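No lab work stands behind these numbers, since they all come straight from the coordinates. This is a predicted model, so every value here is computed, not measured. Virtual Cβ from ideal backbone geometry, glycine too; neighbours counted across all protein chains shown.
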Amino acid sequence: MGALAAAIAVGLGALGAGVGNGLIVSRTVEGIARQPELKGQLQTTMFIGVGLVEAMPIIAVVIALMVM
Amino acid sequence: MSQFEKMTARQRKWMFYLLAIFVLGAGFTPYPRIFLGLLLGSIVSFYNLYLLQKKIVDFTDAAANKTPTRGIGTVSRFAAAALAIIIALRMEENFHIIAVLIGLMTSYLVIMIDFALYNIKHSSKKEG
């Protein structure tokens, strides 16, 4: 049962991170393709967005390994 | 130096300060297990931060130059966090597991606090 719980925790965490990262990256690429001169500003926004999105699945990975 | 490069330099500087504090704590306080856990977690967190910064620069450069690129390294970062936790679980007598978890979140705290301070500083400059 522990392995099942770990799999569900990591799977759902990764699903959320995948959707979030996909949205952020697609908008950033769109913005850079339209206005390449705004690359620095978009880099900063993307960095903070991806960083915050990935915090939660990392906690999920940690909790999954602890319950296993 | 672009805004992004300045931000990454500031974040690395704060991470180095935190690592120095954790090393001092592990060496000179009566709680070496907790500080070693924090140290392990924040070293992996620093690696994750470095990887995130590098991958985002590579990715956005590729997007601007319209060259093909690979991912942004999400799996590598998860794997690094899992490695830290496995090390902590295998050597439980040396590393406190909750401290490792808190250490893993260090870089995210640094990102958030740095961004908030930068925004406050620049909004007050615009007003003043």
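Within the stretch B:84-105, which residues are assigned to a helix (DSSP H, G or I) and at the interface with chain A (Cβ under 10 Å from one of its Cβ atoms)?
Scanning the stretch B:84-105 gives B:84, B:85, B:86, B:88, B:89, B:97, B:98, B:100, B:101, B:104.
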Would you please name the residue that is farthest from residue B:58 (Cα to Cα), looking only at residues in the stretch A:17-63 that are buried (at least 22 other Cβ atoms within 10 Å of the Cβ) and polar (S, T, N, Q)?
-> A:28
The stretch B:58-82, residues that are within 21 Å of residue B:9 (Cβ to Cβ) and either more than 7 Å from every other protein chain (Cβ to nearest Cβ) or assigned to a loop (DSSP other than H, G, I, E, B) (or both) | B:58, B:59, B:61, B:72, B:73
Looking at (1) without any contact (Cβ under 8 Å) to a residue 24 or more places away in the chain; (2) part of a helix (DSSP H, G or I), which is the one condition that is false for residue B:41?
-> (1)
For the stretch A:39-68, the count of residues that are within 7 Å of chain B (Cβ to nearest Cβ) and not in a helix (DSSP H, G or I) equals 0
Find all pairs meeting these conditions: Cβ atoms under 8 angstrom apart; at least six residues apart or on different chains; first residue within the stretch A:44-55 and acidic (Asp, Glu); second residue surrounded by fewer than 22 Cβ atoms within 10 Å (Cβ to Cβ).
-> A:54/A:17; A:54/A:21; A:54/B:74
Long-range neighbours under 8 Å by Cβ, at least six apart or interchain, first residue without any contact (Cβ under 8 Å) to a residue 24 or more places away in the chain within the stretch A:7-35, second surrounded by fewer than 19 Cβ atoms within 10 Å (Cβ to Cβ) and aliphatic (A, V, I, L, M) | A:31/A:38; A:32/A:38; A:32/B:64
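Tally the residues that are of a type outside the set (A, V, I, L, M, F, W, C) and within 12 Å of the chain's Cα centre (by Cα), restricting the search to the stretch B:18-42.
Final tally of qualifying residues: 2.
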